[in-house]
Structures are given as structure tokens and as C-alpha cells.
Amino acid sequence: MPTQEVMDLTFRETEAITQGFLCTNVQETDLAGHSQSTMTYKKILEIADQGISRLLPELTAQDILVIMADHGNDPNIGHSKHTRERVPLLVYKKGITGRNLGKRKTLSDIGATVCDYFGTGAPQNGESFLPLLKD
């Protein structure tokens, strides 16, 4: 699905939802990495960045925005396979600035944090970073 459409749908759902969990997958960044096209990769990231900047003012003090990748996919590495570099984890919450979440051991930390946020049982794997987002 085109990134602009994904970001538009995410924006509309954010406006409509009063409680819950939204998960958005911008698949074109993955496809651009596999195609080894840095120009396509740059274009897709710029579209996603614009969508995120439109979304941020809509978030409330209770909302948490997590931006991440599930694996590396360096378009300049010389092959189209997944790469093993660490991927960034960016977390936004109104009123919180300059927090270091450390190097996370596993992608499961996201699931553990979501479970912690909603007060459900902890998953089998992962460690919540929600305490690091407290005032």
C-alpha cells in the first residue's frame, strides 16, 4: 500500500479513536531497501516523516507513538537481503524529552511495553520500557 495512503489512514484513525491501540506498517520502506534504491528509500522516508509531523499535534498526553523497524535493510550494502545493523527505536510522548531507552535486547520489548501500558499480563518475552516514560 502506498505510504501516503498508509499515513492518511493512520491520521484518520487517530482522529476517530478515543481509546485503544493502532499499529501502522509502512511496507514501502522495506521494499525500497530490498530494491537497493536509495532515492526511492529517501522518498518513502520523506513521505512517512511528513505523515508523522501531521500526526504529532493530534496526540494527547496519554498517547505514546513508537517508530521502529523490525530489521535492518541498508539499500547501499550491495545485496537485497536483510541486514543486521541495529535499528532505531524512537518513542514520542507529550511532555517527555531526552530519555535514553538503552539498547533493547529484543523486538519483544515493544509488546511488553504495550501490555504494561494497557495493564494486561506480561508476554513470555520482552521487557517493558514504560517506566522510562514516566514524568
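We did not get these values from a lab; they are worked out from the coordinates using the rules stated. Computed from a predicted structure; not experimentally measured. Backbone-built Cβ (ideal geometry, glycine too); neighbour counts: all protein chains shown.
Table for the structure above
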{"item": "Under the Karplus curve 6.51 cos²θ - 1.76 cosθ + 1.60, θ = phi - 60°, whole-Hz ³J(HN,Hα) for the range 32-47, x wherever Gly or Pro sits", "result": "5, x, 5, 6, 6, 9, 5, 5, 5, 4, 4, 4, 5, 4, 5, 5"}
{"item": "Peptides ranked, highest mean first, by Cβ atoms within 10 Å: ranges 108-114, 43-49", "result": "108-114, 43-49"}
{"item": "Given charges at beta-carbon only (K, R positive; D, E negative), |dipole| of the range 96-135 in Debye", "result": "180 debye"}
{"item": "Degrees, to the nearest 10: 3-16 long Cα axis against longest axis of the chain", "result": "10 degrees"}
{"item": "Extension reserve of the GLU5-LEU107 stretch, reckoned as 0.36 nm per residue once the Cα distance is removed", "result": "34.1 nm"}
{"item": "Cα shape, the range 36-135, gyration tensor, a/c 1.5 rule", "result": "oblate"}
{"item": "Three-way shape call for the range 96-135 based on the alpha-carbon gyration tensor, with the a/c threshold at 1.5", "result": "oblate"}
{"item": "Computed FRET value (nearest 0.05) for THR18 with HIS71, which takes r as the C-beta separation and R₀ as 41 Å", "result": "0.80"}
{"item": "Global geometry of the range 1-94, whether rounded, prolate or oblate, following the gyration tensor of its Cα atoms and the 1.5 cut on a/c", "result": "prolate"}
{"item": "Derived scalar couplings ³J(HN,Hα) [the range 107-124; Karplus, 6.51 cos²θ - 1.76 cosθ + 1.60; whole Hz; x for Gly, Pro]", "result": "4, 4, 4, 5, x, 5, 5, 4, 4, 4, 4, 8, x, 9, x, 5, x, 4"}
{"item": "Distant-in-sequence amide H partners of THR83 (H built 1.01 Å from N, under 5 Å)", "result": "GLY72, ASN73, ASP74"}
{"item": "Residue pairs, from the table LYS42/LYS134; LYS42/LYS93; LYS81/LYS103, whose Cα atoms sit over 32 Å apart", "result": "LYS42/LYS134"}
{"item": "Lys/Arg +1, Asp/Glu -1 at C-beta; the chain dipole; positive extreme among GLN27, MET68, MET7", "result": "MET68"}
{"item": "Estimated [θ] at 222 nm from DSSP helical runs (n ≥ 4, -39500 (n - 2.57)) normalised by residues in the chain, nearest 500", "result": "-12000 deg cm²/dmol"}
